[in-house]
Amino acid sequence: MLSQLRSLWKVFQHSFTPPDTVQYPEQKPYLAPRYRGRIVLTRDPDGEERCVACNLCAAVCPVDCIALQQGLDENGRWQAEFFRINFSRCIMCGLCEEACPTYAIQLTPDVEMCEYDRQNMVYEKEHLLIAGSGKYPDYNFYRVAGKDVGVKTKGSGDNEQPPEDYRSLLP
Amino acid sequence: MVTIDVDGRRYQVEAGQNLLQACLSLGLNLPYFCWHPALGSVGACRQCAVTQYMDADDNRGRLAMACMTPVSDGLRISLQNDAEKAFRSGIIETLMSRHPHDCPVCEEGGDCHLQDMTVMSGHHRRRYRGAKRTFHNQQLGPLVRHEMNRCITCFRCVRFYRDYAGGHDLHAMGSRDRTYFGRVEDGNLESPFAGNLVEVCPTGVFTDKPHGESYSRKWDLQSAPAICVHCSLGCNISPGARYGRLKRVQNRYHPDINGYFLCDRGRYGFRFTDPDRRLLQALQRTEEGEETLSTGNALSRLWHRIKQADQHLIGIGSPRASLEANFALRQIVGAKNFYAGVSAVEDEMVRLVLQLMYSGVRSASLREVEQADAILILGEDLIHTAPRMALSVRQAVRNNQRRQAEALHIPLWQDQAVRNLSSIALSPCFITSSYRTGLDEVASGLWRNSPQSQTLVADLIANKINEIPSLSKTHSEGMQTWAIMVADALKQARKPLIIAGCSTQYPALLAAAGRIMTALKSHNPAARSAFVLPECNSLGLALLTDNDHENRLEDAFDAAAQGKNHLILLENDLYQRAAPQQVDQFIGQLGELTLLDYQRQRTFSKADLVLPVTPFSESGGTLINNEGRAQYYFAAQPPAPGTMMSWHWLWESRHEARPVDENALHLLQQCAASDPPLARLTELLKQLDLSTADGRLGYMQLPRKSQRYSGRTAIDAADDVREPALAQDAQSLLSFDMEGVPPTQVRDLQLSRLLPMSWYPGWNSGQSVHKFMQEYSDGRPGSGVLMLQPAADHESDLTTLQPDTEVQQTSDQSLTLVPRHYLFGSDPLSMDSPPVASLAPSSCLMLHPEDAQRRGLNPHDLVRLESSRFHLELPIKTDNTLAPGVAAIPWNLPDQPWLPLPQQVELVVVQRSNLIARDGEEPADG
């Protein structure tokens, strides 16, 4: 008897709790910045493309939905000649973001990607590239990498000695 | 065989090798850097440390460098104890402390020995906090990129470049941790083997420059076991393709041919296969203009042409097309109407080679070349005509040193110790040529004179070996002495070797070489010969046209004059084979000219039906190399849309609009059955037959793609998001798939030689080849089959090789014009490849400065060459490495007409140069 009354009381109490149902799409749920949604390509603090077309994202992708081709600019900087993600295959696992050595590829909290035509799910570089640096505002790969591609000269990067003079025979 | 004990397990290994090599060939993982199977051990990097125990009771042991420890019976070592593991991880940590943080933008990444060894040694976190050392890079030309920061100072580059390949312009400079590997100043690397630095360097200091401009990782490449098409040696290559084009070519180990190294023409000459450089659309040219055709339409046109032409049909084959393609054409037009698509001289010379091979003169493989202890090279500039053979000759001349080392009980893999015997003279190597060759610096005797004089001296050598006194007055005293010296050296040698070939375009010299070979063979059965042929399938074509019919190119010209004027031309440029006037006249007489080709060459503009065929990268086929070895090559990628393999076009056209279920292997079968000289193709078929391999393969094929091939669902998504079906390669041992026999099983299945690219778990770089070493023995699939068996009845034919007594007297005014071959330039296929074309010479006439002075000529003057057979205007270049009385002209440049050479010419000045003359100017060699 007592337990039945308690149950009734509990149910009655619930009529005053606010509902969990969200009136999507009128109401948008909060998605944390680290949420794994639509993939973007970011730029470094200097405004250049971060992607160096190293192919690691494509290699790690479990559904093989990333294809890209490396190319060189006039300074010898590696850049993606094309960068394509087939979102109709993408499972938003975020492994590409983890694999990316330059923080170029990042997942965003945008999940609204429905299309009537599946072909529209194929994103090229111009669709993926954003203007900002995304979640990692300060990192510039070419400042720490040993290669000179016009970002810094040899030896002026982080933690680098000035170039050696191999003609010197001093001990 | 000796027994060694590794981590408590006993193994049988070959005696005489070092411990590192033994461990690697057993399939054990032991990290190393400075050792290389072809370069030997120097013990510089200290990475291959193992613990060596005195005996079974010793449980302390001592650290030893595996690469410097010879294997001995009862040797007991451990690879996996803490002491050696800690030592090895300490070494790699030190090596990595200053390695730049740039793997993502390094062309070596994923194909990197340093990465593999770092992972293998367990080093994963950088503890060193100091600043990293940096270097400025050098511009090393269009083939190799330099990124010196990545160096770990293993010295492999200079050991290969200088010690092994004989280059002079790459140095180890500086001291302590400043050691720098590069040239004295920026400039093209001069060695024709510079491209091997890409594979020799265990890090990314030297990387493939053309590949780096549009790069794909190794795991993203679709590869195939293929054969190089740029000379007659048939080096094994592994071309890698992605996005419909070849990205790079790497060496594929073949113990008898190329071993670990390729030449730069083979490595960088493949860009003629790029879709934008190639014919991709069937064309018909009528008076109204050009019309593109669909494949089906083109096929039915071809069918109608073949049917209508009937008695008037002739076919011209090609020495650069596969055996299958040539055979298919021969079957279509009939053996009587099938003509060899090579110049008359070349035809004569290749047939001479064939005749010599039949008579029992065995053609040496490159491995046998390396074993020779006395070499005579007649008229060949090997660096430019058969570059990989030149590298083998370079190894062979050190055999004297090796013999001495053996006498002193120095193991041959003790590289530095053997090289310290430099006071020992090199093995004798004699060269006759009209100009300086790339091997002159290792030669012990040179005969630099006109081809006629070389023939005389060769005849004299043959006579001296046969001990026939020579009485001719044409032999000067110098010539006699030289011949005696060479003949004595050849007779004294245990394994003498004669190298001759077709590049002089002078059959008499080859015949004289043949006489030396036969004389020497009867004197010493271990004597070997090696022939250099003009193109990759010259011998195959010669075997197909080796019958009683009149089937030279000239005969085709005659046939056209007699009304046989419907020509099918297979992968050939006639303007490269005969004089332009002659070809123009021939084409003028033709009613129809059907061309099957992939190159926009000179004959292309004259053809009225053009069928686009696939180059080597997209077709499978058989090539017969200079030693008569038939090797099958596989397509790296499926044919581009609109194109088909040559034999496929021809075969399909036999049946109107009906698909044929025949494949290339059936074609080979028919070929073996119909041509007795090619009967041994059945052996090759056994190596390739899926039905015999089935039991081993378990109905799986070898995948052309790696297990980590990326982008499968995105590559074609730009055109259509629905994924296309995979291209099929039924009946083949290889599939265009990622799935199939895993590399770990390839060894057990004895298919190592058919690996599309070298890879093994934990060994991503090309060094993984050690994992398959035990399987590289003869008779396994992919080793090829020697076609030519000496026939007893051919012995008598040699009497026809009489000396050419017709030596033209050189007047004061006339010069002997000879062809000069160029690694980059003389091969029209590779000249369609921008990196190769950028290194080619320009058309010019090379003269000895004295000859130029006598005629009052200065460099850059424009002269007209006048001979009985052609006229040509060319600028002059003086070159003091030419024999006096000889003029040379770059052979087979794309913009140059074919010339009948050698030829006596006179020079007439057309225009004086207003440039300042520079005397003694030399063209860059290599």
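Values quoted throughout were computed directly from the atomic coordinates according to the rules given, and no laboratory measurement underlies them. Predicted, not measured: the structure shown is a model, and the values here were computed from it. Cβ coordinates were reconstructed from backbone atoms using ideal geometry, including for glycine residues, and neighbour counts include every protein chain displayed.
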Cα-only Rg/Rh for the stretch B:360-428 with Kirkwood Rh rounds to 1.02
In whole Hz, the Karplus estimates of ³J(HN,Hα) for the stretch B:701-708 (6.51, -1.76, 1.60; θ = phi - 60°; x where Gly or Pro) are 9, 7, x, 7, 9, 6, 5, 10
Would you mind checking which residues have amide H under 5 Å from B:Leu872's amide H? H placed 1.01 Å from N; only 5 or more apart, or other chain. B:Leu865
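Name the trypsin sites (Lys or Arg not before Pro) in the stretch B:1-63 that are in a loop by DSSP and that have at most 15 other C-beta atoms within 10 Å, would you?
Answer in residue order: B:Arg60.
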Using θ = phi - 60° and the Karplus curve 6.51 cos²θ - 1.76 cosθ + 1.60, what whole-Hz ³J(HN,Hα) does each residue of the stretch B:296-303 get, with Gly and Pro shown as x? x, 4, 4, 4, 6, 4, 4, 4
Working from Cα positions, state the angle (0 to 90°, nearest 10) between the long axis of helix A:2-14 and the longest principal axis of chain A. 50
Ordered by number, the trypsin sites (Lys or Arg not before Pro) in the stretch B:696-765 that occupy a DSSP loop and have at most 14 other Cβ atoms within 10 Å are B:Arg722
The Cα extents of the protein assembly as shown along the principal axes, largest first and rounded to whole Å, are 133, 80, 68
At 222 nm, what value in deg cm²/dmol follows for chain B if DSSP H runs of at least 4 each add -39500 (n - 2.57) and the sum is divided by all its residues, to the nearest 500? -7500 deg cm²/dmol
Excluding residues fewer than 8 positions from B:Lys247 in its own chain, the lysines with Cα under 28 Å of it are A:Lys125, A:Lys147, B:Lys209, B:Lys218, B:Lys705, B:Lys771
Cross-link partners of A:Lys28 among lysines (Cα-Cα below 23 Å; sequence separation of 8 or more within a chain): A:Lys135
What's the longest piece of chain B with no exposed chymotrypsin sites (Phe, Trp or Tyr not before Pro), counting a site as exposed if DSSP puts it in a loop and it has at most 15 other beta carbons within 10 Å? B:129-698
Please turn the phi angles of the stretch B:825-833 into ³J(HN,Hα) values with the Karplus equation 6.51 cos²θ - 1.76 cosθ + 1.60 (θ = phi - 60°), one per residue in order, whole Hz, x for glycine and proline. x, 8, 10, x, 5, 5, 5, 7, 9
Run the reach check for B:Lys491 against lysines, Cα to Cα strictly under 20 Å, same-chain hits fewer than 8 apart removed. What comes back? B:Lys464, B:Lys521
Neighbour-count order for B:Arg159, B:Arg76, B:Arg854, fewest beta carbons within 10 angstrom listed first: B:Arg854, B:Arg76, B:Arg159
